[in-house]
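Quick notes on the structure that follows.
Values quoted throughout were computed directly from the atomic coordinates according to the rules given, and no laboratory measurement underlies them. All values derive from a computational prediction rather than experimental measurement. Here the Cβ is made from the backbone with ideal geometry for all residues, glycine too, and neighbour counts use every protein chain on show.
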Amino acid sequence: MNNGKVNLLPIVEDIIGLDQMMRFAAIIDLKGNISEAIMKEGKTSLKSQKEEEHFCKQVATRRKIRQQFDKSLGPVNYVHIERQKITQIVIYPKRKTVYVTMEPDMDIKRKLEIVELIKKKTAKL
């Protein structure tokens, strides 16, 4: 920790190292700015950098929209999106948002294990 700020690089490195089928991990601030991100070595992004930044802004917007339902439905545990080419998962620690992608053919039980591991690793963010 330096100047009260957490070094996020080791956290995203830990997340990307959870499984060889992980592709991308990012920690995003509440405004949608990427605080730290890493692409798995040997993988190529399916989106351009500009698209990735735009997507992260949208993640922050969607978080605010979902929070409107926290009182009636309870807070979101995580968001899980299955696409043809990729699996996207979004987790909401208190002051940051964690966005990860992985290969879509990973076993669903393993995906859920990874969600729980990420929640533990990022609980204080």
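Summary table below
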item: Test: residue in region 112-120 that is basic (Lys, Arg), more than 20 Å from residue 38 (Cα to Cα) and surrounded by 11 or more Cβ atoms within 10 Å (Cβ to Cβ); result: no
item: The one condition in (1) touching a Lys or Arg at 6+ places or on another chain (Cβ under 7 Å); (2) within 18 Å of residue 34 (Cβ to Cβ) that residue 52 fails to fulfil; result: (1)
item: Residue count, region 89-101 (criterion: in contact with a helix residue (DSSP H, G or I) (Cβ under 9 Å, 6 or more places away or on another chain) and either in a strand (DSSP E or B) or among the small types (Gly, Ala, Ser) (or both)); result: 8
item: Boolean, residue 104 is in contact with a helix residue (DSSP H, G or I) (Cβ under 8 Å, 6 or more places away or on another chain) and not in a helix (DSSP H, G or I); result: no
item: Residue 11 vs. criteria touching a Cys at 6+ places or on another chain (Cβ under 8 Å), hydrophobic (A, V, I, L, M, F, W, C) and within 19 Å of residue 114 (Cα to Cα); result: no
item: All strands (runs of 3 or more DSSP E) inside region 1-83 with 1 or more residues being within 13 Å of the chain's Cα centre (by Cα) and loosely packed, with under 13 Cβ neighbours inside 10 Å; result: 79-82
